[in-house]
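J.: I have a structure I would like to understand better, so I am pasting it below and will then ask my questions one at a time.
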Amino acid sequence: MKLTQQVIEQLAEHLENAELQAHDVVKITEAHPEMDWDDAYAIQAEILRRKLARGNRVVGLKCGLTSHAKMKQMGVDTPCFGFLVDYFSVADGGEIKVAELVHPKIEPEIVFVLKKALKGPGCHIGNVLAATDFVMPGLEIIDSRYRDFKFDLKSVIADNCSSSRFVLGGQAVPVGEVDLRTLGVVMEKNGEAVAIGAGAAVLGHPAAAIAMLANHLGARGEEIPAGTMILSGGVTEAVAVQAGDHVNLRIQALGSVGVRFI
Ligand code: 0L1
Ligand code: MG
């Protein structure tokens, strides 16, 4: 690690304030080009510690930048992992206030819920499928705190991978009943199809993203607990939204989920 604990705490406060007050900041590597991957995840962990101390609760995990479309869109080449807390959760058909966010975008996700814990290293898609209780459709609203969504991977990891809101819905389908690679995904904004894809866009198989998360945590001596809900990553590029927009996601065999922006 290159940063001191004091700087890690300052940067966590800086980024969390940007999230809570809905304003943008310049990417933190501009002032701290020396920071490394462990520093980036330590800042993210400090943001989580601040939220837990305030009484928030972790309700899931996320894999980000797991499709080539998203990596290309954001100019990075590796996935990232973050956490989801209680107030990020929005009911299916619910409303999201854009004034609480900086510059939200939305993306379609295949969501996993585990029945067994997963621990790396060496976790593979077979382990993930054996440990999965069900899959369902989800919409993730990402809201990078960085000006104009301009960042590098270390900055975005520190910013909890742009996490802000998510919506779960549709049907909870046992993972053995579907081929996650060939599931068709259609996301509509105001009735127009704006993003179309298939599950294989996520690392060839969405379960591979969950295995990567288990291996990432395993390298830190942690596991994904049984019962965890995990967003496996945007299947397509993320789409910008504004007040007045309605977004609906349909995933073949998994049903649909929608949200409105006010
Ligand atoms: O969930 C994601 O794939 C987003 C990760 C962070 C990068 C971004 O803000 O687009
Ligand atoms: Mg995502």
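The values are calculated or read from the model by the stated rules, or taken from the named source; none is laboratory data. Note that the structure is predicted; figures quoted are calculated from it, not measured. Counting neighbours? That spans all protein chains shown, and the Cβs are built from the backbone with ideal geometry, glycine included. Accessible surface areas use protein heavy atoms only, side chains included; no ligands, DNA or RNA. Shrake-Rupley method; radii C 1.70, N 1.55, O 1.52, S 1.80 Å.
J.: Yes or no: the range 177-188 includes at least one residue that is closer than 25 Å to ASP86 by Cα, open to solvent by 10 Å² or more (accessible area, probe 1.4 Å) and not aromatic (Phe, Trp, Tyr). So that I can check it myself, show each step before the final result.
T.: Here is the first cut: in the range 177-188, the residues closer than 25 Å to ASP86 by Cα are 187.
This time we only want the ones that are open to solvent by 10 Å² or more (accessible area, probe 1.4 Å), so: none.
For the range 177-188, residues closer than 25 Å to ASP86 by Cα, open to solvent by 10 Å² or more (accessible area, probe 1.4 Å) and not aromatic (Phe, Trp, Tyr): absent.
J.: Could you list all residues from the range 125-148 that are open to solvent by 50 Å² or more (accessible area, probe 1.4 Å) and farther than 17 Å from ASP179 by Cβ?
T.: Hits for the range 125-148 are ASN127, ASP133, ARG147, ASP148.
J.: What helices (runs of 4 or more DSSP H) lie completely within the range 1-117 and have 1 or more residues being without any contact (Cβ under 8 Å) to a residue 12 or more places away in the chain and within 16 Å of ligand 1 (Cβ to nearest atom)?
T.: Numbers: elements: 5-21, 37-53, 68-74.
The helices (runs of 4 or more DSSP H) meeting that bar are 68-74.
J.: Further question: Filter the range 129-162 down to the residues that are of a type outside the set (D, E, K, R) and not in a helix (DSSP H, G or I) and list them by number.
T.: First, pick out the residues of the range 129-162 that are of a type outside the set (D, E, K, R): 129-132, 134-139, 141-142, 144, 146, 149, 151, 153, 155-158, 160-162.
If the condition is that a residue be of a type outside the set (D, E, K, R) and not in a helix (DSSP H, G or I), then THR132, PHE134, VAL135, MET136, PRO137, GLY138, LEU139, ILE141, ILE142, SER144, TYR146, PHE151 are the ones that fit.
J.: So, one more: Give the range 50-67 a look and list any residue that's more than 16 Å from ligand 2 (Cβ to nearest atom) and of a type in the set (A, V, I, L, M, F, W, C), or say none. Before the answer, list the steps.
T.: Of the residues in the range 50-67, the ones more than 16 Å from ligand 2 (Cβ to nearest atom) are 50-58.
Listed by number, the residues that qualify are LEU52, ALA53, VAL58.
J.: Sticking with this structure for a sec: Count, please, the residues in the range 157-204 that happen to be more than 17 Å from the chain's Cα centre (by Cα) and either on the phi > 0 side of the Ramachandran plot or at pLDDT below 95 (or both).
T.: 4
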